[in-house]
Every structure is written in structure tokens, then in C-alpha cells.
1. Among the residues of the range 200-223, is any in a strand (DSSP E or B), β-branched (V, I, T) and modelled with pLDDT of 95 or more?
2. Of the residues in the range 137-183, how many are of a type in the set (D, E) and under 26 Å from the mean Cα position of the chain (by Cα)?
3. Please work out which residue is surrounded by the fewest Cβ atoms within 10 Å (Cβ to Cβ), limiting yourself to the range 50-100 and to residues that are within 27 Å of the chain's Cα centre (by Cα) and among the charged types (D, E, K, R).
4. If you take the residues in the range 193-233 that are hydroxyl-bearing (S, T, Y) and in contact (Cβ under 8 Å) with a residue 40 or more places away in the chain, which one is surrounded by the most Cβ atoms within 10 Å (Cβ to Cβ)?
5. In contact (Cβ under 8 Å) with a residue 24 or more places away in the chain, open to solvent by less than 40 Å² (accessible area, probe 1.4 Å) and either of a type outside the set (A, V, I, L, M, F, W, C) or farther than 28 Å from Q136 by Cα (or both): which single residue out of G103, G111 fits that description?
6. Among (1) open to solvent by 20 Å² or more (accessible area, probe 1.4 Å); (2) at pLDDT 95 or above, there is one condition L268 misses while meeting the rest; what is its number?
7. Return the residues of the range 245-264 that are closer than 23 Å to T127 by Cβ and either part of a loop (DSSP other than H, G, I, E, B) or hydrophobic (A, V, I, L, M, F, W, C) (or both); say none if nothing qualifies.
8. Quick check on the range 129-149: of everything there that is among the charged types (D, E, K, R), assigned to a helix (DSSP H, G or I) and under 18 Å from I195 (Cβ atoms), which residue is least open to solvent (accessible area, probe 1.4 Å)?
Amino acid sequence: MLKEIADRLYSDTPAQTIYHYTSLPGMLGIVADKGIWATEAHFLNDAAELNHFSHCLDMECSAELEKASSSQKIAIIQQFRDWIKFRSEQGPLLFVTSFTEHGNLLSQWRGYCTRGQGVSLGFSPATILKSARNAQFSLGRCIYNSEKKRLLGQKVFAAVLQIAEDRGLDSAAHPSQSYWHTFGFLEPDLLRVAILIKNQAFKEEAEWRIVSPAMNNYVEPEILYRVGSEMLIPYLKVPLVTEPNSEALFEQVFVGPTQHQNLAVNSLSMFLSRSRACTKVVNSLMTYRGK
């Protein structure tokens with residue numbers, strides 16, 4: 001029941017080129033490795049990413065507690081609320097790469113690119129879909145609309161409640177955690193839903209994401225680490241699968257705001273042509289104000 005809800009969220013396919021904003025060093029790494037990095041979700045720029053849907057579910061818990069009459073239903077709801085709070089920081093690993101439908105958006109240049117060194121890499125939907133599936137990732141569109149999020153929260157909560165009732169309590173567990181075994185069983189699909197839920201303030205990003213399966217084992221998978229501003233950031237490398245009879249990685253590339261845009265376009269065009277990674281480099285025609 002819950003798996004079907006999650007699967008439907010990942011059933012859409014982009015109808016046009018989707019873009020990944022990065023820095024020049026990031027782009028050089030993507031071309032050299034023919035792969036793109038997927039960052040662990042707890043280390044994304046927005047620290048509240050996974051908690052946004054948790055808030056939606058907590059609201060459902062509050063609403064249903066007021067109506068619940070059976071002791072079983074009350075226990076499930078109270079334990080689910082406690083479990084959500086506990087797992088928000090202790091949950092399994094989930095790796096994500098973000099794309100957007102807009103290749104030349106000022107807020108994206110400012111938010112995701114090193115000043116003066118930004119590029120927006122345009123991928124064909126087929127390339128990203130093949131690459132995601134090859135790595136056992138899923139491709140899904142983010143949800144911003146408040147009403148859609150509310151209805152989704154209701155459906156997810158109802159599914160969790162029904163499955164917990166059907167599976168029954170774990171008599172070996174502490175009474176305060178007698179339904180946690182069901183929540184743990186459902187956690188991978190709950191996370192798949194949660195990672196696509198975003199604050200409506202970011203609606204203009206029109207974001208798509210490739211999402212890994214949930215991972216409880218952080219020793220055996222080939223997890224890599226890069227140095228962040230304050231800590232090590234775990235990531236996975238997703239190999240890019242290009243179209244048959246083509247070495248091109250990108251459909252087109254935008255050069256972000258910089259003081260010397262014509263030179264930047266020329267040098268990037270030479271590099272990408274030599275690398276056979278892309279034949280179309282576009283000037284963003286944007287400039288930053290101030291220093």
C-alpha cells in the first residue's frame with residue numbers, strides 16, 4: 001500500500017532537458033569521471049530537507065489523535081510520532097542528486113554555484129533515467145504545493161496506520177515501542193516519499209531528484225567522502241550512461257554570471273568540444289551586482 005504510493009511519485013519522466021548547477025571544478029570532475037555525485041540527504045544545503053514531510057505527518061498524528069477511540073489506534077499514533085522524532089536524525093543513509101527544469105535561473109546561480117565559476121549542465125531525460133536505473137536509483141519530481149502535500153500526508157499516514165494494525169504489536173518489544181518494528185519495515189518507502197517533499201518557497205526551482213535506496217550499511221557500499229566547510233560529506237558516484245552512438249554527456253551547458261562571460265564561453269566550448277562532452281555552450285547573459 002505504501003510502496004504503491006511511493007512508486008507513483010517516481011512514475012513521471014521529465015519532458016525536457018533538466019539541468020544540474022555546479023562549479024567549474026565540479027564540471028571537470030563530471031567530465032573526467034563520466035559520473036555525477038549523489039550527496040547523503042542529511043548533508044544537503046537545506047538542513048530541514050527530510051524534516052519537512054515529518055512535520056506533515058506529525059500534523060496528521062495530532063488530527064487523528066483527537067478522533068481516535070480505540071486503544072490500539074491511539075498507541076500506534078503516539079508511537080509513530082515518537083518514532084518519527086527519533087529517526088529524523090538516526091535514520092538510514094539516502095543519497096540524492098538534484099536537477100531543475102530551468103537552466104538559467106538567477107537564484108540557482110546564487111545558491112548552488114561558486115561566484116564567477118558556475119555552470120549549468122543540461123542532461124537529456126533519457127540519459128538521467130538510464131543512469132539512475134543503472135545505479136538502482138529512482139528519478140522523481142519534487143512536490144511543493146501545500147494541498148498536494150497535505151493529501152499525500154493523509155494517504156501515507158492512513159497506509160502506515162492500516163499496515164501497523166494488520167501486522168499487530170511486537171510482544172517482545174517494550175510497550176512504548178511495540179509497533180516500531182512496522183515503522184522500521186516501512187522506513188525505506190517513507191524516506192522515498194519524504195525526500196521529494198519541499199517547502200513551497202523553493203517552487204521556482206522545479207526540481208527533480210535521483211534518489212538511492214535507503215542504506216543501513218555504511219561500511220560495505222562504496223561510499224566516498226569529500227571535505228565540506230565543517231565536516232566530511234558522504235556521497236556516491238553515479239556513472240552517466242550516454243545515448244547509443246554518442247559520447248556527449250550534456251545537451252547544452254550554460255555559463256553562469258562572470259565578469260568575462262565571452263572568454264568563459266569560448267574556453268568552455270573548446271574544452272567540451274575536445275572532450276566530446278557537449279557541442280552547445282550558452283552564455284547566461286546575467287551579471288552579478290556589487291563585489
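The values are calculated or read from the model by the stated rules, or taken from the named source; none is laboratory data. No experiment lies behind these values; they were computed from the predicted model shown. Cβ coordinates were reconstructed from backbone atoms using ideal geometry, including for glycine residues, and neighbour counts include every protein chain displayed. For the accessible areas, the whole protein counts, side chains as well, though only heavy atoms, and no ligand, DNA or RNA atoms are used. Shrake-Rupley method; radii C 1.70, N 1.55, O 1.52, S 1.80 Å.
1. So far as the range 200-223 goes, yes, one or more of its residues are in a strand (DSSP E or B), β-branched (V, I, T) and modelled with pLDDT of 95 or more.
2. Summing the residues that are of a type in the set (D, E) and under 26 Å from the mean Cα position of the chain (by Cα) in the range 137-183 gives 1.
3. Going through the qualifying residues, I end up with E89.
4. Step by step, filter the range 193-233, then rank; the result is S212.
5. G103
6. Single failed check for L268: (1).
7. The answer is N245, S246, E247, A248, L249, F250, E251, V253, F254, V255, G256.
8. Per the stated criteria, the residue is K149.
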